[in-house]
1. Once you have all Cα-Cα distances for the range 181-255, histogram them in 5 Å bins from zero and send the whole-percent values.
2. Going by average Cβ neighbours within 10 Å, how do the peptides 323-330, 240-247, 252-259 rank, with the highest at the top?
3. Could you tally the net charge around Arg232, taking each other residue with its Cβ under 12 Å from the Cβ of Arg232, Lys/Arg +1 and Asp/Glu -1?
4. Let me understand the range 195-323 better: what is its radius of gyration from the alpha carbons, and its Dmax, in angstrom?
5. Mind putting a number on the dipole of the range 107-251 about its Cα centre? Charges go on the C-beta only, +1 for Lys and Arg and -1 for Asp and Glu, and I need it in Debye to the nearest 20.
6. Treat every Asp and Glu Cβ in the range 267-358 as -1 and every Lys and Arg Cβ as +1, leave all other atoms uncharged, and give the resulting dipole magnitude about the Cα centre to the nearest 20 debye.
7. Give the percent of DSSP beta bridges with both residues in the range 81-206 that are antiparallel, rounded to the nearest 5.
8. Beyond 14 Å, how much of the Cα-Cα pair distribution for the range 221-269 remains, as a whole percent?
Amino acid sequence: MANDFSLPSASRRSFLSLSAAASAALAFRIVTEPMLARARVHNFPKDAVTIDANENPLGPCSSAREAIAAITPQGGRYLDGLTDDLVKQIGQMEGVKTDYITVQAGSTELLHHTVCAFTSPQHSYVTADPGFEGGTFAAKAIGARVVKVPLTKSYAHDVKAMLAAGTDAGLFYVCLPNNPIGTLTSHSDIEHLVDNKPKGSIVLVDEAYIHFSDGVSVVDLVKADKEVILLRTFSKLYGMAGLRCGFALGRPDLLEKMYAYGGGNFMPITAMVAASASLQHAGLVQERKKINADIREGVFQWLDHNGYSYVRSQSNCFMLDTKRPAKEVIDAMAKQKVFIGRIWPVWPTYARITIGTAPEMEQFQAALQKVMSGAVTASVGAIPRWGEQPRKRTRDGIAIQA
């Protein structure tokens, strides 16, 4: 196959003639889920339960692992034809033309580049609160106004409030299901957002977790040539977070604008063959959806039985109401080698919990019982903002950066 990076010809020209502004944008630090989840802890004990970063403990499926092993001897080659093959496969599965698809190393880069392309100091970034923060960091990096809109009482995106608050919007971000809460926003609400948004703006729908849920994809809006970009990743249900593969679906002219901010690089060949094998693995989505749902429901039943509060989710994570500053619970759980997710400032008494394996969730339950009963506690200092280093004391008592 031709080495065309799977980009339309116009996109290749754009890629090869990056503007100075676009080149500067490439230097922005892309903020990822693991960076946010593990701002303080990076190396865990071997026997730790790590349910903090929405990872899938099942890892790649058997077909993907076999494909990885088979392709490894060719690791010295770029083999960009594998990317072309994956693009064609995605196009056939989703019913879209190949020039409506771009593949990159995970969906976070696609999110970052889309925000850079469609927001600016004149065009704001509108998102739910709480919601995934990666796009917020990208918007701030280029000087765009960030508009955070509270969720509805049913924990859906409040699309009417988003429209009212984002009259200058360049991009509306919807996560389906929402990260961190795992709740859905109806297809009709997203259609309302698309139909009533300001002229020239786009709606970016992040479907990273949709395979775990009963949510309705917005791929039909992409097929209808609406101003919608859809993100997907192989990191979650497919268990490929460490392999890095994601893709965007959208009109070619919308994807074209993203290319000025990144894209077109060669993809890891292991990720390409693993993604392709995963898509061909019969029954994989339903099988893993059921595994996650069964374990999640078991945890919810245990929480209900013990009188603990949480937000019911359709994803591989949920928000636990700790009824106290969540930092205390996070630290006390860590003392028991159970590492749970982070806090969103708008919900300071909630912590995000990832659904792990059944044994991991049993350890979570046992540890949480000790924390909530007061049997295990942890001292709590000031919570550092993301990107800041924790402080320590020197011998003369002066606080310095660690």
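Read the figures in this text as sums done on the coordinates, not as results from a lab. Keep in mind it's a predicted model, so treat the numbers as computed, not measured. Here Cβ is always computed from backbone atoms with ideal geometry, including for glycine, and neighbour counts include all displayed protein chains.
1. Calculated over all Cα pairs of the range 181-255, the distribution is 3, 14, 25, 24, 17, 11, 5, 1 percent.
2. In decreasing order of mean packing, 323-330, 240-247, 252-259 become 240-247, 252-259, 323-330.
3. Within the 12 Å Cβ shell, the charges total -2.
4. My reading of the Cα-based Rg and Dmax gives 18.0, 53 Å.
5. Dipole about the Cα centre, nearest 20: 240 debye.
6. That gives the range 267-358 a dipole magnitude of about 180 debye.
7. Counting DSSP beta bridges with both partners in the range 81-206, the antiparallel share is about 5 percent.
8. 59 percent
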